[in-house]
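Only the coordinates and a few stated rules stand behind these numbers; no lab work does. Just so it is clear, the model here is predicted, and its values are computed rather than measured. FYI the Cβ positions are ideal-geometry reconstructions off the backbone, even for glycines, and counts take in every protein chain you see.
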Amino acid sequence: MASKCDRTVKVWDLVRGQEIQSLGGHPNNVNCVRFCEAQHTCFSVSSSFIKVWDIRENPARCARTLSSAGLTSSGFPITSTQSRTLQMPPGETLITDIAISTATNILYSAAGNIVRIWDLRKYSAVGKLAGGHQAAVMCLAVDSTVPGQDVVATGSKDHYIKVFDISGSHSGLVNPRLNLEPPHYDGIQSLALYGDTLFSGSRDMCIKKWDLQRGEHVQSLNNAHKDWVCALCFTPGGQIVLSGCRGGMIKMWSSESCQLIGELRAHASPINAITTNSTCIFTASNEGDIRVWRPLIGVAAGRTFELSL
């Protein structure tokens with residue numbers, strides 16, 4: 001699934017490389033998409049709204065619309081129009097990121113310096129992360145290694161990262177377990193979390209590694225990229241971390257040693273998302289392209305990636 005600046009979400013068949021659905025009706029550009037395989041639902045973010053799609057149907061059905069203010073409506077919101085909506089509804093705030101935990105049936109949404117907790121069984125807002133960020137939360141990361149509990153990391157424009165422990169039955173305000181120090185020198189743009197290991201990427205072009213069990217900073221990769229680090233992702237198994245920057249480069253790092261394994265200019269414009277499955281790496285950029293790469297670990301002559309589609 002991929003979002004576009006034409007206010008749609010495209011659903012792709014990766015075997016055939018073909019678009020099979022287009023999800024429309026968003027008020028503005030779609031800046032974030034998440035898929036919940038367990039529930040066969042897609043969550044798309046546009047402006048101050050999150051749309052919940054049942055993709056078992058074709059065309060997919062918008063089952064709920066959630067707002068940054070914590071409101072829920074059935075189907076499309078009353079404000080839904082055929083034209084682009086530039087003005088934010090009263091009382092609403094731009095949603096910058098969402099994250100889903102299938103283990104606890106919780107959705108986390110960041111808008112301004114507030115992160116809301118949603119119970120996906122009832123599609124209702126049940127709490128907030130009270131972290132005290134002094135600026136907008138730009139990115140979220142969730143790990144559900146411990147049964148019935150989520151570890152949630154929040155990265156903000158205020159240069160800081162906070163870590164929360166959330167139980168599946170929790171409601172109300174949740175205070176952070178960790179306030180990670182030292183901070184980045186600029187806003188946090190990306191996070192990747194695997195077990196107790198967290199990587200953070202910033203506008204300061206640095207990638208930091210953190211040990212959440214000890215609450216300690218492990219290592220800084222200064223000038224990891226020549227531009228903002230806009231995307232981070234672990235490969236399955238957690239042995240490799242992928243990073244993407246505003247300059248269009250992707251890099252592959254050892255998560256243990258933080259040594260650079262390989263790099264590639266993947267796009268001519270900023271990379272805003274990276275994800276993986278067991279065989280491929282997917283990158284999306286501002287130029288409107290989604291590219292599928294096959295990692296070539298151990299191949300001579302420095303070739304670390306090849307274009308798959």
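Observations, loosely collected:
- Per-selection Rg to Rh, the stretch 172-263 - Cα, Kirkwood hydrodynamic radius: 0.97
- Taking the charge dipole of the chain about its Cα centre, with +1 at Lys and Arg Cβ atoms and -1 at Asp and Glu Cβ atoms, the residue from Ile95, Ala284, Trp53 reaching farthest to the positive side is Trp53.
- For the chain, the Rg and Dmax computed from alpha carbons only, in angstrom: 18.7, 57
- Amide H contacts of Gly215: none lie under 5 Å away among residues 5 or more positions distant or on a separate chain (H built 1.01 Å from N in the peptide plane; Pro and chain starts excluded).
- Only Lys, Arg (+1) and Asp, Glu (-1) charged, at Cβ; the stretch 193-243 dipole about Cα centre in debye: 100
- Over 18 Å (Cα to Cα) - which of Lys10/Lys251; Lys51/Lys128; Lys51/Lys157; Lys162/Lys209; Lys162/Lys226 fall in this group: Lys10/Lys251; Lys51/Lys128; Lys51/Lys157; Lys162/Lys226
- Nearest-20 debye value, the chain charge dipole, Cβ charges on Lys, Arg, Asp, Glu: 480
- Stretched out straight at 0.36 nm per residue, the stretch from Arg177 to Gln259 would grow longer than its current Cα-Cα span by 26.6 nm.
- Among the GluC sites (Glu not before Pro) in the stretch 197-301, those placed in a DSSP loop whose Cβ has at most 13 other Cβ atoms within 10 Å are Glu256, Glu287.
- Taking every alpha-carbon pair under 8 Å whose residues sit at least 6 apart, the chain reaches a relative contact order of 7 percent.
- Taking every alpha-carbon pair under 8 Å whose residues sit at least 6 apart, the stretch 90-238 reaches a relative contact order of 16 percent.
- As a rough footprinting exposure proxy, the listed residues Lys226, Lys128 were ranked by other beta carbons within 10 Å of their own, and the order from fewest upward is Lys226, Lys128.
- Diffusion constant of the stretch 115-168 at 10 °C, which comes from Stokes-Einstein with the Kirkwood Cα-pair radius and 1.306 mPa s, µm²/s: 133
- For Lys122, the aspartates and glutamates whose Cα falls under 16 Å of its own Cα, not counting residues fewer than eight places away in the same chain, are Asp54.
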